[in-house]
Amino acid sequence: MKKTGSMTVAMSLMMLVLLSLVAAGLQASKVACARTQAVNGIDTGLYSLFSEYDQELLERYHLFFLDGGYGQGTLNMGQMVNQMEYYMEPVLSSGLTKCQILGSGVDGFRIASDSSGKAVEQQMIRYMKGNLGVEGIEHIQNMLTQAADIMNEQEAIQDGGISEAIPEETEPMEGISENNNPLDIIGNIRNNGFLGMVLPVGTTVSQKETDTTTMVSKRTLQTGMGDFPQLEHDTSVLDKIWVQEYILEHMSSYTDGNSEGPLDYEVEYILGGKDSDKSNLSYVVNRLLLIREVSNIAYLYTNGQKRAELEACAAALSFLTLIPEGMTLVQAILAAGWAYVESLADVRTLLSGGKIPLIKDHASWQTQLSNLNARQTGQGTKGLTYEDYLRILFSMSSKEKAVMRSMDIIELNMRQTEGKETFAMDACVDAVSFSFLIQGPEGKQWQAERMYTYDM
């Protein structure tokens with residue numbers, strides 16, 4: 001017996017509804033898939049774009065930046081957008097849910113030199129935190145705090161002056177004459193210039209020079225666009241120390257010997273900002289002499305044996321000049337001059353790789369008042385090194401200025417590489433905000449905003 005089938009009108013209507021639901025579900029899935037594909041395309045474009053960071057800048061200075069000038073030294077944000085769209089296209093155009101870019105643009109970007117090099121500073125600090133650690137930086141902070149307290153005490157001693165000498169109770173020093181007059185010797189030493197007096201025997205000063213007017217810290221800079229409040233970080237009293245330690249690790253100084261860059265004394269440049277190695281070394285040496293003079297005067301004022309030598313020499317000079325009532329004045333002048341000559345010997349020791357304590361004692365004192373012409377260079381096995389004294393100078397200087405001048409050195413050295421002759425720190429980007437208009441299936445359009453940064 002032949003069987004026949006039939007479908008009721010109700011069943012037909014139900015099937016129609018089910019098929020409509022399936023079709024709508026498929027369409028919704030297709031749109032959702034397209035949205036996901038658009039997001040993946042945007043993320044791929046951003047990650048690929050920022051993977052083009054300057055590798056040499058990272059290897060030499062541990063800084064993550066994208067060269068937004070693409071080797072030309074001038075920001076080219078249009079090229080950056082084109083690069084990103086190039087990386088997005090393969091992802092957007094693949095599969096059944098193809099999408100396309102209707103438009104994209106830059107809403108904002110931050111470059112290395114913005115806000116006195118804030119992006120560079122943040123990366124310096126981040127690197128040093130991972131490399132040196134909190135324990136190491138706290139040790140340096142304690143050293144600098146102790147040094148500041150000691151120097152304040154020494155300045156107070158200097159301001160208090162030397163005790164008045166009594167001519168009648170003082171025996172003149174032997175050997176003082178017109179041919180061996182410490183005041184004349186001190187005067188001649190001061191007139192001969194200090195730099196030549198502090199250089200270790202057999203060494204010379206680098207003659208390298210550069211044009212500072214074209215450097216990052218002095219020229220008119222390209223600037224970023226927009227605000228990035230999410231990139232702001234809480235500041236700390238340790239930030240300045242992190243920066244100075246980064247500089248001391250990555251830049252060369254006098255005691256490191258000659259470098260291959262345009263300047264040999266890079267740390268000294270960051271402190272001095274002059275256009276030649278000689279001028280920058282002179283700047284640093286002059287400030288070290290000032291620190292050492294105060295320390296040495298404090299020792300002369302407070303050490304009984306040294307005061308007795310000063311009184312005896314002052315008495316001999318007073319009788320030599322037939323002005324005994326001027327003994328106290330002569331004693332003060334002698335103390336300042338002797339402290340200066342001792343400071344020359346101190347800095348010479350530092351430049352030779354030795355150590356000098358902030359507080360002098362009998363063992364670390366190098367010069368003799370009766371023979372100031374002798375050129376002393378002690379071994380200096382106790383105290384602070386030249387690098388430690390540079391730390392003290394950094395503690396007295398501006399952190400922002402140090403960051404900007406660090407970028408001067410980085411840019412100078414990067415330009416020595418073939419193909420990077422026009423490299424510019426103010427064309428280096430570390431954060432960009434983009435906006436996108438993407439079209440998917442069935443004419444669906446989506447807008448998106450994305451921000452990417454190396455500061456994570």
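The values are calculated or read from the model by the stated rules, or taken from the named source; none is laboratory data. Only a predicted model underlies this, so the values are computations on that prediction, with no experimental measurement involved. We place every Cβ from the backbone using ideal geometry, glycine too, and count neighbours over all the protein chains shown. Surface accessibility is based on the protein's heavy atoms, side chains included, excluding ligands, DNA and RNA. Shrake-Rupley method; radii C 1.70, N 1.55, O 1.52, S 1.80 Å.
Annotations
- Helical segments meeting 18 Å axial Cα length and Kyte-Doolittle -1.0 threshold in the chain (DSSP H): 9-50, 77-92, 133-160, 277-302, 304-320, 327-351, 399-414
- Across segment 85-233, the convex hull enclosing all Cα atoms gives 337 Å³ per residue.
- Segment 61-129, Cα convex hull volume normalised per residue, Å³: 138 Å³
- Think of a 1.4 Å ball rolled over the protein heavy atoms: segment 374-456 then has 44 Å² of accessible area per residue.
- Net lengthening on full extension, GLU164/THR203 (0.36 nm per residue, minus Cα-Cα): 9.8 nm
- Stretching the chain fully between SER51 and CYS33 yields a gain of 3.8 nm (0.36 nm per residue, less the alpha carbon separation).
- Surface share of carbon and sulfur [accessible, 1.4 angstrom probe, percent] for the chain: 51 percent
- Partner lysines for LYS98 [C-alpha distance under 19 Å; skip if fewer than 8 residues away on the same chain]: LYS30, LYS444
- Segment 381-456: translational diffusion in µm²/s, Stokes-Einstein, Kirkwood Rh over Cα pairs, 25 °C, 0.890 mPa s: 141 µm²/s
- Each listed q (0.09, 0.16 Å⁻¹) maps to a log10 I(q)/I(0) for segment 301-456 from the Debye sum over equal C-alpha point scatterers, namely -0.60, -1.01.
- Once the gyration tensor of the Cα atoms in segment 226-344 is diagonalised, the equivalent ellipsoid follows with semi-axes of 45, 19, 12 Å, ordered largest first.
- Loop-located GluC sites (Glu not before Pro) in segment 196-247, at most 13 other Cβ atoms within 10 Å (DSSP): GLU232
- Taking a straight line from the alpha carbon of LYS382, these aspartates and glutamates sit under 13 Å away, with near neighbours fewer than eight places off in the same chain left out: ASP346, ASP361.
- Compactness of segment 163-294 is given as radius of gyration and Dmax, 23.0, 77 Å, from Cα positions.
- Charge context of GLY160, other residues only, Cβ under 14 angstrom, K/R +1, D/E -1: -3
- All aspartates and glutamates inside 15 Å of LYS129 as judged from Cα atoms, apart from same-chain residues fewer than 8 positions distant: GLU121, GLU138, ASP234, ASP239, GLU245, GLU249, ASP455
- Under the combined filter of DSSP loop state and at most 15 neighbouring Cβ atoms within 10 Å, segment 117-200 retains these GluC sites (Glu not before Pro): GLU164, GLU174, GLU178.
- The Cβ shell under 15 Å around GLN100 holds other residues with a net charge of 0, Lys and Arg each +1, Asp and Glu each -1.
- Whole-angstrom gap from segment 211-243 to segment 90-123, using each part's C-alpha centre: 21 Å
- P(r), alpha carbons of the chain - 10 Å bins starting at zero, rounded %: 4, 16, 19, 16, 13, 10, 7, 5, 4, 3, 2, 1, 1, 0, 0, 0
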